[in-house]
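Colleague: Sharing a structure, written as structure tokens. Questions coming.
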Amino acid sequence: MKRGPSLLGESGYENLQRTSRIHSYSKYDKSVEALTRWITKGEQMKKLQYRKKPVVIEAIKWDGSEESWLTMVEFVGPSLVGRPEFNTLKIKTLEGDMFASTGDMIIKGVAGEFYPCKPDIFEATYEAV
């Protein structure tokens with residue numbers, strides 16, 4: 001019994017290989033292929049710029065002290081998990097649990113969610129009102 005390309009004939013074997021390749025493509029491969037086709041038609045994608053909307057947020061700096069811990073318990077409420085003796089806060093966020101170190105800002109977002117932010121990022125993004 002013959003095996004391989006000669007059993008199916010050259011064209012049958014090539015068709016089998018091609019359909020196997022097509023079925024093994026993932027959604028990502030197909031989208032990259034479509035994007036490549038779109039770009040090669042001579043069309044160019046526009047680079048768009050965006051600016052953050054001006055929103056007012058509430059934030060408190062976590063300094064690791066017992067007073068700061070009590071303030072955080074009141075401010076964050078049930079989203080706060082952790083113990084103050086470790087100088088680290090664990091906060092339940094929309095993206096999962098996040099940790100805040102001493103010096104981080106704890107922000108209450110526009111939807112009432114809480115999350116930590118490093119001081120340098122906070123300074124570059126927000127200003128006092």
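Colleague: Would you mind stating whether Ala34 is on the phi < 0 side of the Ramachandran plot, of a type in the set (Gly, Ala, Ser) and either at pLDDT below 75 or assigned to a helix (DSSP H, G or I) (or both)? Walk me through how you get there before you give the answer.
Modeller: Details: on the phi < 0 side of the Ramachandran plot: yes; of a type in the set (Gly, Ala, Ser): yes; either at pLDDT below 75 or assigned to a helix (DSSP H, G or I) (or both): yes.
Against the criterion (on the phi < 0 side of the Ramachandran plot, of a type in the set (Gly, Ala, Ser) and either at pLDDT below 75 or assigned to a helix (DSSP H, G or I) (or both)), Ala34 qualifies.
Rundown of residues vs (1) modelled with pLDDT under 65; (2) in contact with a helix residue (DSSP H, G or I) (Cβ under 7 Å, 6 or more places away or on another chain); (3) surrounded by 10 or more Cβ atoms within 10 Å (Cβ to Cβ), yes/no style:
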residue: Lys30; (1), (2), (3): yes, no, yes
residue: Lys46; (1), (2), (3): no, no, no
residue: Gln49; (1), (2), (3): no, no, no
residue: Val56; (1), (2), (3): no, no, no
residue: Val73; (1), (2), (3): no, no, yes
residue: Val76; (1), (2), (3): no, no, yes
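Colleague: Moving on. Identify all residues within region 51-91 that are aliphatic (A, V, I, L, M) and in a helix (DSSP H, G or I); write none if there are none.
Modeller: First, pick out the residues of region 51-91 that are aliphatic (A, V, I, L, M): 55-57, 59-60, 70, 72-73, 76, 80-81, 89, 91.
Within region 51-91, Leu70, Met72, Val73, Val76 meet the criteria.
Colleague: Condition first: part of a loop (DSSP other than H, G, I, E, B) and either in contact (Cβ under 8 Å) with a residue 24 or more places away in the chain or in contact with a strand residue (DSSP E or B) (Cβ under 8 Å, 6 or more places away or on another chain) (or both). Now tell me which residues in region 96-117 satisfy that.
Modeller: Thr102, Gly103, Asp104, Gly109, Val110, Glu113 - these are the residues of region 96-117 that are part of a loop (DSSP other than H, G, I, E, B) and either in contact (Cβ under 8 Å) with a residue 24 or more places away in the chain or in contact with a strand residue (DSSP E or B) (Cβ under 8 Å, 6 or more places away or on another chain) (or both).
Colleague: Consider region 81-129. How many of its residues are closer than 13 Å to Glu58 by Cα, over 20 Å from the mean Cα position of the chain (by Cα) and surrounded by fewer than 16 Cβ atoms within 10 Å (Cβ to Cβ)?
Modeller: Final tally of qualifying residues: 3.
The values are calculated or read from the model by the stated rules, or taken from the named source; none is laboratory data. For clarity, every value in this text was computed on a predicted model and none was experimentally measured. Here Cβ is always computed from backbone atoms with ideal geometry, including for glycine, and neighbour counts include all displayed protein chains.
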